[in-house]
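Heads up, the thing below is written out as structure tokens.
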Amino acid sequence: MNIIVCIKRVPDTADAAVNIDSSGKDIVKDRLTFDINESDNYALEEAILLKEKLGGTVTIVSVGPPECEDTLRMGLAKGADTAIRITDERFTETDGFAIAEIIKSAIKDLDFDLVLTGCIATDDGASQVGPTLAELMDIPHATLVTKIDVNNGVVRVHKELEGGLTEVFDIKLPALFAIQTGINEPRYASLIAIRRAAAKEIKVLGAGELGIEEVSLKTKVESLFRPPVAKHAEILQGTPDEVSTKLAQILLSS
Amino acid sequence: MKKIFSLVEHRRGEIPDVSYELLTKGRELAKQENGEFTALVLGHNVKEFAEKIKKEADRVFVVDKEFLKEPNAEAYQIVLSDILKKESPFLTLIGHTALGMDLASSLATSLNIPIATDCVGIDIEDTGKMPVLLVTRQPYNGKLNAKVSFAAGSQFMITVRQGAFTSEQGNLSGKIIDIASPIEKEPDYRKFIEYIEAVVGAVDITQAEVVVAVGRGIKEKENMSLIEELANSLGGVVACSRPIVDADWLPKDRQVGSSGKIVKPKLYIAIGISGAFQHIMGMKNADTIVAINKDPNAPIFNEADYGIVDDLFKVVPVLKNKIKELKAS
Ligand SMILES: Cc1cc2nc3c(=O)[nH]c(=O)nc-3n(C[C@H](O)[C@H](O)[C@H](O)COP(=O)(O)OP(=O)(O)OC[C@H]3O[C@@H](n4cnc5c(N)ncnc54)[C@H](O)[C@@H]3O)c2cc1C
Ligand SMILES: Nc1ncnc2c1ncn2[C@@H]1O[C@H](COP(=O)(O)O)[C@@H](O)[C@H]1O
């Protein structure tokens, strides 16, 4: 079972202030910390689990700047065999379709049975790259996948629907699955493995190697702005003791 | 004349709200553009559905086939791509649902149509020459909005967030049109097997009057007892956001949100929860919402009635004691 996992390095914005930069189209990134996208971490773990069970290889692919190599190295430390970073000045402005086209050109000639992506990138929140890539590669796919059982070239897939309902279906390999969080328990790499991965080579591919003249954008961010707020909470002010007293009174009187 | 299409989803006999929202939005845009609005219904024995939504559209396209009984994205793609090729609508709207996520990006790619996903706003602006389509999206988990434009073209596709638009009943008298399917059975590469129902646990959070919900801000499993004690002091139940279930700190039936439970308690306290829309969808109708979060810009504060911007580890233990004191006095 040879598996390709698409990994995106994203800023952690859940805990941090997100500010718009001077172009008005992007965010200020220099004070943010970056890490592997949450659902990609589960996709990577699923690939490693499948490899441990069925044999084969795990190749991880990321489109992004040199800093992505930290993320890819961590993937190698956890058990991926090969890492590919795709980068080019011509790829600075992209969209979901462009990313899928770029990844396709990098993996189309590889020998694989399965492609895994995350189900959503927490920065753009598009849930687009997986299904787009599958269509470009002409393989079947499913998103929000919460269980994978491989059986003689057919995968029994669990897909999460609204309200906690699960849909079960069979998909023929080769296929692409966009993995939902919670499918497994992502591992941590050991210090020794991290040290060993530091010496591994990461293949870097550019537009030239991929035979891409320029990326065709289908959508473009025109501007970023703060969401208009219909209603904002009344913020209770004071020390923890003061706000707790106020809130306790509100709670017990409502 | 501009054609606008909306896909009407249905599963196990039910049409989700988002489909009505798409019908309303599609109809509205078609009216604005002097266009024609078509609702798409795929399924088996769906006459009843078609009759039900006749009022919502100028035309209701019905593809009725046994193999379309369950919504199967790969089968839907083959059928819809055939229809869209023949009809070339200016705009096709699909819900950003579990089905829509599988279907739309792949369908748009196969037809070489630009697509924007999970949109919360759609505007067609008339600039004189060509009408310009702009959508609003919410990157960074709702912390920012983005206006997004499309590459020049004559056809576009948009997936729409559930609850982003309101729904109103239409007063059209749509013509129901039977459309032939290009295939007679589902493709052999994706075969439906069964549904598995959500697990039912011991505590039903949908019935509780007070729900104390905890999110990733709680950091460690060991800290969960803080939340339990607070819930106990208020006579409420503990619920949570998705990462807490993903980490196995609470069972799935405690998860609030689009892929969990919808709750409408008298009081909902969100602690260390950022307020991603998938979570908001599950609790926005609570009578009173309180949020405790150290990030003043957390989207949860746009839903809450009362907020405390501070470290939950400083506030929650004190709050629990104050409640006990007040109750005793
Ligand atoms: C298809 C799909 C379905 C989904 N369904 C659901 C669903 O049903 N329910 C759901 O909840 N999510 C769902 N999600 C996930 C959702 O997108 C978010 O990732 C999730 O809700 C985030 O949970 P959180 O707010 O606990 O974590 P985060 O977004 O990481 O937020 C943690 C918050 O804690 C705060 N915090 C950290 N430390 C402290 C502290 N010491 N004191 C106070 N505050 C602190 C931070 O400021 C931050 O706001 C779904 C996602 C997808 C793609
Ligand atoms: N730049 C990238 N490099 C590698 N994989 C990516 C990239 N962008 C998106 N992906 C993959 O596509 C998934 C969905 O991303 P998105 O469509 O942006 O929400 C992510 O979880 C990744 O697995």
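Every number in this text was worked out from the coordinates using simple rules, so none of it is lab data. Not measured: the values here are computed from a predicted model. Positions of Cβ are backbone-derived with ideal geometry, glycine not excepted, and every protein chain shown enters the neighbour counts.
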Mind checking which lysines have their Cα closer than 26 Å to the Cα of B:K175? Skip sequence neighbours fewer than 8 apart in that chain. B:K2, B:K3, B:K25, B:K31, B:K47, B:K52, B:K54, B:K55, B:K65, B:K69, B:K85, B:K86
Among A:I148, A:I235, A:I179, which one moves the most in a GNM of chain A with springs linking Cα atoms closer than 10 Å? A:I235
Inter-chain shielding of A:118-128 (mean C-beta neighbours from other protein chains, 10 Å cut-off): 6
Heads up, region B:23-129 by the C-alpha gyration tensor (a ≥ b ≥ c square roots of eigenvalues; a/c under 1.5 rounded, else a/b over b/c prolate, else oblate) looks oblate
Which of B:I158, B:I300, B:I196 fluctuates most in a GNM of chain B (C-alpha springs under 10 Å)? That residue is B:I196
Express the relative contact order of chain A as a whole percentage, based on alpha carbon pairs under 8 Å and six or more residues apart in sequence. 23
What shape does region A:156-254 take by its C-alpha gyration tensor, where a ≥ b ≥ c are the square roots of the eigenvalues and a/c under 1.5 counts as rounded, a/b above b/c as prolate, and the rest as oblate? prolate
Filter the GluC sites (Glu not before Pro) in region A:87-196 down to the DSSP loop ones having no more than 16 other Cβ atoms within 10 Å, then list what survives. A:E93
How big is the charge dipole of the protein assembly as shown about its Cα centre, in debye rounded to the nearest 20, if each Lys and Arg gets +1 on its Cβ and each Asp and Glu gets -1 on its Cβ? 540
Region B:254-329 versus region B:158-213: alpha-carbon centroid distance in Å: 28
Starting at the first residue of region A:26-31, write each ³J(HN,Hα) from the Karplus equation 6.51 cos²θ - 1.76 cosθ + 1.60 with θ = phi - 60°, in whole Hz, x for Gly and Pro. 9, 9, 6, 9, 5, 9
I'd like the GluC sites (Glu not before Pro) in region A:183-231 restricted to DSSP loop residues with at most 15 other Cβ atoms within 10 Å, sorted by number. A:E201, A:E213, A:E214
Before rounding to the nearest 500, sum -39500 (n - 2.57) across all DSSP H runs of length at least 4 in chain A and divide by the residue total; then give [θ] at 222 nm in deg cm²/dmol. -9000 deg cm²/dmol
Quote the convex hull volume per residue of the protein assembly as shown, based on C-alpha atoms, as a whole number of Å³. 162
With a ≥ b ≥ c from the Cα gyration tensor eigenvalues, square-rooted, and the rule rounded for a/c under 1.5, otherwise prolate when a/b > b/c and oblate otherwise, region B:205-328 is rounded
At each listed q (0.14 Å⁻¹), what is the log10 of I(q)/I(0) that the Debye formula gives for region A:2-253 modelled as equal alpha-carbon point scatterers? -0.98
Connecting C-alpha atoms closer than 10 Å in a GNM of chain B, tell me which of B:A73, B:A57, B:A152 has the biggest fluctuation. B:A152
